Amino acid sequence: MTVLSKAKELVLPLPVALVTCRAKEKDTSTDNIVPLAWVGIVEYSPPMVDIVIGKGKYSERVISNRKEFGLCIATVDMMEKVDRCGLVHGDKVDKFKMTGFTKLEATKIDVSLIKECPISLECIVKDTIPVETHKIFIAEVVCTHVDERFIGESGEIKAEEMNILCYGNGSYWMLGKKLEKLFYTKE
């Protein structure tokens, strides 16, 4: 195994999320989208996730102020729109208008979600952790939306059909095929 000359965060792959936020309460004209791959699961009960955003970024300031966000999972067919969202600033460009994404009203938070995403989580920030160049937001998931096309007859989530967009080492990726369920080796 080769040791790289510089340490890298090679945790591969990471899902690409379109994080939505709203700068002004009840003002949908201030909705924003920021694409992030530094997202993860923090806790099961209550369900909690984390997102990581660069300090001083527009979305970091909005989420720090409003304490809520939508976490919408992107698909491969959204890749160009996702990439474009990362090139412009939400305080200067209406990213919903730019991409043509459809706003989906959240049920428990004051933030628009993205209808085209197969999964959208409504999140309320419970803690923030500032690190050197970024801020980690830890949030409770208060509502989960899944496109009905991806729910099986017995209620299981058909993630293998979602074609989730991933990120790794500076590039976009797509997931391969489902192999086995967790603990399939249990006798």
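A short reminder: the numbers here are calculations on the coordinates, not readings from a lab. Keep in mind the model is a prediction, meaning the values are calculated, not measured. Ideal geometry is used to build each Cβ from the backbone, glycine not excepted, and the neighbour counts take in all protein chains shown.
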**Request:** Sort by residue number and name the cysteines in the chain that have no neighbouring cysteine Cβ under 4.7 Å.
**Result:** 21, 85, 123, 143, 166
**Asked** What length, rounded to one decimal in nm, is gained on full extension from residue 27 through to residue 103, with 0.36 nm per residue of separation minus their alpha-carbon distance?
**Response** 26.1 nm
**Relative contact order for the stretch 14-174, counting Cα pairs under 8 Å that sit 6 or more residues apart, in percent** = 27 percent
**Fill in**
Cα-only Rg/Rh for the chain with Kirkwood Rh rounds to 0.97
**Prompt:** Once Rh for the stretch 86-172 is found with the Kirkwood sum over Cα pairs, what is the Stokes-Einstein diffusion coefficient at 37 °C and 0.692 mPa s, in µm²/s?
**Reply:** 208 µm²/s
**Request:** Find the centroid of the Cα atoms in the stretch 135-149 and in the stretch 75-92, then give the distance between the two in whole Å.
**Result:** 20 Å
**Sites residue 91 and residue 8 - FRET efficiency at Förster radius 30 Å, r taken between beta-carbons, to 0.05** = 0.45
**Of 126/181; 6/126; 8/135; 26/103, pairs whose Cα-Cα distance is over 23 Å** = 126/181; 6/126
**Message:** If I stretch the segment between residue 124 and residue 187 completely, what's the gain in nm (0.36 nm per residue apart, minus their alpha carbon distance), one decimal?
**Reply:** 18.7 nm
**Cα-based equivalent ellipsoid of the stretch 7-80: semi-axis lengths in Å, sorted from largest, via gyration tensor** = 22, 16, 14
